[in-house]
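Notes for the one structure printed next.
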Amino acid sequence: MRTGQVTGFEALARWSHRLLGNIPPDEFVPVAESIGMIGALTRSILRKSLASKALLQSSFAISVNISPLQLLDFKLPEMFAGIAESFGFQLERLIIELTEGAFLDDPQSTIDVAAELKALGCRLAMDDFGTGYSSLRNLHALPFDALKVDRSFVSTMTTQRDSRKIVAAVIGLGQSLGLVTVAEGVETREQAESLMWMGCDLGQGWLYGRPMPAEDLAEMMAHGKFPIPISSGLSEGPVSLEGPPLHRLAQLQAIYDGAPVGLCFLDRKMHYVSINRQLAEFNRVPVLAHLGRSPEEVIPQVFRQVENYLRRALKGEPVNGVEIHKPPLLPGGESQTLLCSYQPVRDEAGEVLGVSVAVMDITERKRMEKILRDVEDHHRSLIQLSPHVPYVLNPKGEVIEASSRWETITGQPLEEALGNGWLEMLHPEDVPRIMEAHHTSLTTGGPIDVRYRVRNPHGGWRWMRSRGAPRLSDSGQIIAVYGVVEEIENLEPSYDPTL
């Protein structure tokens, strides 16, 4: 399913009658069974299949179906071994497909004959699983190698949810038992991609090729190209962990529990299906006490805060960045702040199955943010009380931050002073000098120390001194210039700063 490589073929019985036309197998096979010719039919099919040079000269497997009646014939293994030997065909390449009905009449004889075929090297496949008298006992009775998903489920799996669930269940069963899973009747890429994501190993059907006479195989195989049922968006295939299913489950559980965030999955009824230890600790409730219950039962106070987000996710809307606040566990304790996301989980056809919840404890981060805000507010208060005017220049020499004391000294509103607006309050003779000082500092990284006159609210002039220094990045680039402006009380307006 993932590579598009052909692994083998299934031999099909077709009767093209010169008078009656094409007679389907569901008409002539029961007749052959009823008149005792089913053994001769199987012998003919096997001989015609193995006579194909295209198959003999390759390593492809060949699958043949046998009737439940034949599994009561203890000479059947001998017939298969003799025909295979006569053509030089390795029995390891032969797959014998059995239906569940084969176990009904004489289960023990069936098991004995099938076991002998298996002992010869043949592989056994359970055909049309799920359509007959499905029983895990049948799968357990013989060492099957493969499990085939019936075409009736595959053909409707992209349009009917029940079919999808049956297909997924059969594939999951095959994986759990270590069997190769084969989907029959694959006709569309949509079906193939869904099967691939479910973990199906092999597929057969018209998507890959229609039935043809054995003599036409050589020409088809010569082309060497077969459709790969993977769209460009899925070209890398599904992510999978190595190892058998139980090992993969253990690996996934370890990842789940080891995640630094709380994780859980809620079904459409908003019941916990799974939850990791981290989220259970956030909720202060054991893991097992969650399963099968709803958040409303487990964490009622929190549920009232998040119910709307969960319902939106169940309607298919992803919800991210939700902050919720949990009250203190004990009186006088610290409340807890959690950052949550709610993602709809969809099946292969896009239907919402439930909600994946991720929760991160940001209590410490919020506490630090509050401390920083308090420190900043305290710092700003000190600045406002200072007789000086702190300022910050960007690399272009524009004021991006300053103390509101500038407005007290000059009468110019602070929002008008930002950028280059503050230059309007300077004495025209001093503007070139201060601009030159800023330019020199921003190009050389040197300090600023310059005097200039500013207009006061009464129309007079006041001498000011600006001192500052650039702040550099690790690469030596100037990030900003930090400085302070202070009044110079002992200078007369006639003072010449260039002397």
Practice problem: Compute the distribution of all C-alpha to C-alpha distances in the chain, in bins of 20 Å from 0, and list the percent of pairs in each, rounded to whole numbers. | Solution: 16, 29, 21, 17, 12, 5, 0
Practice problem: Show that you can apply the helix-only estimate: for the chain, add -39,500 (n - 2.57) for every DSSP H stretch of four or more residues, divide by all residues, and state [θ] at 222 nm to the nearest 500. | Solution: -11000 deg cm²/dmol
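Among the trypsin sites (Lys or Arg not before Pro) in the range 281-346, which ones are in a DSSP loop with at most 11 other Cβ atoms within 10 Å of the Cβ? Mind listing them?
ARG284, LYS315
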Exercise. Scan around PHE9 for amide H atoms under 5 Å from its own, H built in the peptide plane at 1.01 Å from N, and keep only partners 5 or more places away or cross-chain.
Key: ALA61, ILE62, SER63
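Sort 68-79, 193-204 for me by packing, meaning the mean count of neighbouring Cβ atoms within 10 Å per residue, highest on top.
193-204, 68-79
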Quiz item: Along the range 169-185, what does the Karplus equation 6.51 cos²θ - 1.76 cosθ + 1.60 (θ = phi - 60°) give for ³J(HN,Hα), rounded to whole Hz, x for Gly and Pro?
Solution: 5, 5, 5, x, 5, x, 4, 5, 8, x, 9, 5, 9, 10, 9, 8, x
Quiz prompt | Farthest toward positive dipole pole in the range 257-365 [+1 Lys/Arg, -1 Asp/Glu at C-beta], among ASN276, VAL322, PRO300 | solution = PRO300
Exercise. For the chain, find the longest principal axis of its Cα atoms and tell me its angle to the long axis of helix 189-198, 0 to 90°, nearest 10.
Key: 80 degrees
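Starting from the Cα gyration tensor of the range 3-109, take the square roots of the eigenvalues, sort them a ≥ b ≥ c, and report rounded, prolate or oblate (rounded when a/c is under 1.5, otherwise prolate if a/b is larger than b/c, else oblate). List each step's numbers first, then the result.
Details: a/c = 1.64, a/b = 1.18, b/c = 1.38.
Because a/c hits 1.5 or more and a/b fails to exceed b/c, the range 3-109 counts as oblate.
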Quiz item: Between the helical axis of 38-50 and the dominant principal axis of the chain, each derived from Cα atoms, what acute angle in degrees is found, rounded to the nearest 10?
Solution: 60 degrees
Quiz item: Can you give me the Cα centroid spacing of the range 410-438 and the range 293-327 in angstrom?
Solution: 54 Å
Quiz prompt | Alpha-carbon centroid distance for the pair the range 143-157 / the range 46-76, whole angstrom | solution = 20 Å
Practice problem: Treating only the Cβ atoms of Lys and Arg (+1) and Asp and Glu (-1) as charged, compute the dipole magnitude of the chain about its Cα centre; round to the nearest 20 debye. | Solution: 180 debye
Quiz item: With N residues in the range 8-231, what two-decimal value do you get for its Cα radius of gyration over 2.2 N^0.38 Å?
Solution: 1.02
Quiz prompt | Point-to-point label distance, ASP145-ARG18, nm (Cα→Cβ direction, 7 Å offset) | solution = 4.0 nm
Quiz prompt | Dipole of the chain, positive direction: furthest Cα of GLY468, PRO286, SER341, with charges on the beta-carbon | solution = PRO286
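Nothing charged except the Cβ atoms of Lys and Arg (+1) and of Asp and Glu (-1): what's the magnitude of the dipole of the range 13-96 about its Cα centre? Round to the nearest 20 debye.
On the way: 8 positive and 7 negative charges, 75 e Å.
The dipole magnitude comes to about 360 debye.
Quick one: THR3, THR42, fewest Cβ neighbours within 10 Å first, how do they rank? Walk me through the intermediate numbers first.
On the way: THR3 10, THR42 23.
Listed from fewest to most nearby Cβ atoms, that is THR3, THR42.
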Self-check item: Selection from SER86, VAL450, ALA141 lying farthest towards where the dipole of the chain points positive, charges on Cβ
Solution: ALA141
Exercise. Per residue of the range 150-163, in order, report the coupling 6.51 cos²θ - 1.76 cosθ + 1.60 (Karplus, θ = phi - 60°) as ³J(HN,Hα) in whole Hz, putting x for Gly and Pro.
Key: 5, 5, 4, 7, 5, 5, 10, 5, 8, 10, 10, 5, 4, 5
Exercise. Would you mind checking the tilt of helix 245-258 against the longest principal axis of the Cα atoms of the chain, expressed as 0 to 90 degrees and rounded to 10?
Key: 10 degrees
Practice problem: Could you tell me the largest-minus-smallest coordinate of the C-alpha atoms of the range 253-311 on each of the three principal axes, in descending order and whole angstroms? | Solution: 30, 21, 20
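Bear in mind that the values in this text are calculations on the coordinates, not laboratory data. Because the structure is predicted, anything quoted here is derived from the model rather than measured. Cβ: placed from backbone, ideal geometry, glycine included. Neighbour counts: every protein chain shown.
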